[in-house]
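A quick write-up on the structure given underneath.
The values are calculated or read from the model by the stated rules, or taken from the named source; none is laboratory data. Please read all numbers here as calculations on a predicted model, not as lab measurements. Cβ sites come from the backbone with ideal geometry, for glycine too, and all protein chains shown count toward neighbours. With ligands, DNA and RNA removed, areas are computed over all heavy atoms of the protein, side chains included. Shrake-Rupley method; radii C 1.70, N 1.55, O 1.52, S 1.80 Å.
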Amino acid sequence: MENVDVVAADRSADFRSLMAGFPSGVAVVTAVGADGRPLGLTCSSLSAVSAEPPLLLVCIDNRSRTLAAVEDSGAFAVNLLHRYGQEAARTFSVSGPDRFRSVRWSRTGGAGLPRLDVDARAIAECRVYSTQAAGDHTVVIGEVRSVEHLTAAAPLLYGLRTYAVWPGDPDDRKKEDR
């Protein structure tokens, strides 16, 4: 008889490998904890859901303090990172006592959510529309309340376990012209 735990581990590893081959944009989801401190995490599980009303979804690990803050406060911000935001992506992808010490940030005008001023190309301020537990993550659907575009820099991508830049990025063409 095959060991069920080994089969589950193999399926999990196979699934991770599958998803590593599916590139996506990179965002940092931020929220405010009950104590008023900023919290955040790197997220590549982000998708549009609806244009009317404007809804997007993010998937967050059930053990995340950021998820607890999102659920408690009912609000979060999605900071879509640009090509130069790799260090912020790395910073928010690992656990640490205060990830915000390593980045420049401020608070959004509306809900006062943490925003990554230098590393984001755009920021969406969201109100929690619904949540759904799904395995070891929770799907959070947010209604986009405001959007701010900060720069035209190309989006940061993640796939095959590495960061990349949008092909044909105008910044790359400028370098070639020099």
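So that you can scan it fast, the table gives a plain yes or no per residue for (1) open to solvent by less than 30 Å² (accessible area, probe 1.4 Å); (2) modelled with pLDDT of 95 or more:
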| position | (1), (2) |
| --- | --- |
| Ser95 | no, no |
| Phe100 | yes, yes |
| Ser106 | no, yes |
| Cys126 | yes, yes |
| Ser130 | no, yes |
| Arg145 | no, yes |
| Gly159 | yes, no |
| task | Check segment 72-83 and report whether any residue there is under 13 Å from the mean Cα position of the chain (by Cα), small (Gly, Ala, Ser), buried (at least 16 other Cβ atoms within 10 Å of the Cβ) and at pLDDT 95 or above. | result | yes
| task | Scan Tyr84, Tyr163 and give me the residue that is in a loop (DSSP other than H, G, I, E, B) and either under 29 Å from Ser17 (Cα atoms) or basic (Lys, Arg) (or both). | result | Tyr84
| said: I'm trying to understand the selection: among the residues of segment 87-137, which are assigned to a loop (DSSP other than H, G, I, E, B) and basic (Lys, Arg)? | reply: Arg104
